[in-house]
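Working notes, beginning with the structure itself.
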Amino acid sequence: MMRFFLLSLLLTPALYADCTASVFPVQTASLRFIEKSHNELGDQQADLTWSNRRIEGNRVQWTQTYTVEGREPQRSTSEYRCTEDGITPVDEGTTFTGAQYGNRLERGATWKWTWAGTGISASYDYRVVGNEEVTVPAGTFDAVRVDYTAKTLSETRGELPLVHGSLWIVKNVGLVKQFEDDPALGLVPQKTTLELIEAQKAKSR
């Protein structure tokens, strides 16, 4: 038993050495997006950059820089836990199960992701639709489209209307587009589109 335990310890770092993240793969050094949000109160535009991807054990982290028009940039660290199915966020005070971003991108593949915080929880269902050509500011890509729905339960507002969204992911590039239609975000329905502006490749080692 002790020998098996020691072997497991030796294998664990290798298992997570690549820590596969379909939305931000090891071949990509940084991704820069433009985010456009629309609701009845008006439109908002922001610049979002993922950079400095790094791995620590079974965790993958990157630096996120978010800049709303006319405001100072806000920098934070996005941290995810790696599993065989994909990656899921790590956030103190919130419980996650499943994978937010899955690794199985073949047509028809499905996965689930849930999160629960104080007074609110959500359950996401993802389904791979198939390959689809998508054009964003960074160019035209042959991407894998993933559709999802989310059911949110609030202690104060009850069960909220379903959220609908789509991801477009390109092999060895990562996420190039995301669209989400949230009919209940902040009590005001909102549609948000994220599109890739620039992708920088990682330098060969």
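The values are calculated or read from the model by the stated rules, or taken from the named source; none is laboratory data. Being a predicted model, the structure only gives us computed values, none of them experimental. Cβ sites come from the backbone with ideal geometry, for glycine too, and all protein chains shown count toward neighbours.
Has segment 2-25 got any residue that is hydrophobic (A, V, I, L, M, F, W, C), out of contact with any Leu (no Cβ under 7 Å at 6 or more places or on another chain) and modelled with pLDDT of 95 or more? Taking every residue of segment 2-25 in turn, none turns out to be hydrophobic (A, V, I, L, M, F, W, C), out of contact with any Leu (no Cβ under 7 Å at 6 or more places or on another chain) and modelled with pLDDT of 95 or more. For segment 36-53, the candidate set comprises residues that are free of Cβ contacts under 8 Å to residues at least 40 places away in the same chain and loosely packed, with under 14 Cβ neighbours inside 10 Å; within that set, the residue that is farthest from Thr77 (Cα to Cα) is Gly42.
Here Gly108 meets each of (1) surrounded by 14 or more Cβ atoms within 10 Å (Cβ to Cβ); (2) closer than 21 Å to Ile169 by Cα; (3) without any contact (Cβ under 8 Å) to a residue 24 or more places away in the chain; (4) not polar (S, T, N, Q) with one exception, condition (1).
On the given criteria, is Thr83 modelled with pLDDT under 95, farther than 20 Å from Ala202 by Cβ and among the hydroxyl-bearing types (Ser, Thr, Tyr)?
Numbers: modelled with pLDDT under 95: yes; farther than 20 Å from Ala202 by Cβ: yes; among the hydroxyl-bearing types (Ser, Thr, Tyr): yes.
Criteria met by Thr83.
Restricted to segment 135-162, and to residues that are crowded, with 18+ Cβ neighbours inside 10 Å and in contact (Cβ under 8 Å) with a residue 40 or more places away in the chain, which residue is nearest to Ala116 (Cα to Cα)? Filtering first and then ranking leaves Val146.
The set of residues from segment 62-82 being of a type in the set (Ser, Thr, Tyr) and under 14 Å from the mean Cα position of the chain (by Cα) comprises Thr63, Thr77, Ser78, Tyr80.
Do you know which residues across segment 169-192 are of a type outside the set (Val, Ile, Thr) and either in contact with a Lys or Arg (Cβ under 6 Å, 6 or more places away or on another chain) or in a loop (DSSP other than H, G, I, E, B) (or both)?
So in segment 169-192, the residues of a type outside the set (Val, Ile, Thr) come out as 171-172, 174-175, 177-187, 189-191.
Listed by number, the residues that qualify are Lys171, Asn172, Asp181, Pro183, Ala184, Pro189.
In segment 54-90, which residue that is touching a strand residue (DSSP E or B) at 6+ places or on another chain (Cβ under 8 Å) and not in a strand (DSSP E or B) is surrounded by the fewest Cβ atoms within 10 Å (Cβ to Cβ)?
Looking only at segment 54-90, we keep the residues that are touching a strand residue (DSSP E or B) at 6+ places or on another chain (Cβ under 8 Å), and these are 54-55, 58-69, 73-82, 85-90.
Applying the additional criterion that residues be not in a strand (DSSP E or B) yields 58, 69, 73, 85, 90.
Values: Asn58: 15, Glu69: 9, Pro73: 11, Asp85: 16, Val90: 14.
Result: Glu69.
Of all the residues in segment 79-108, those that are among the hydrophobic types (A, V, I, L, M, F, W, C) and closer than 27 Å to Glu159 by Cα number 4.
Just to verify a result, which residue in segment 91-102, among those that are under 22 Å from Arg127 (Cα atoms) and without any contact (Cβ under 8 Å) to a residue 40 or more places away in the chain, is surrounded by the most Cβ atoms within 10 Å (Cβ to Cβ)? Spell out how you get there, then give the answer.
Let us first name the residues in segment 91-102 that are under 22 Å from Arg127 (Cα atoms), namely 96-102.
If we keep only those that are without any contact (Cβ under 8 Å) to a residue 40 or more places away in the chain as well, we get 96-100.
Details: Phe96: 16, Thr97: 11, Gly98: 18, Ala99: 23, Gln100: 18.
Per the stated criteria, the residue is Ala99.
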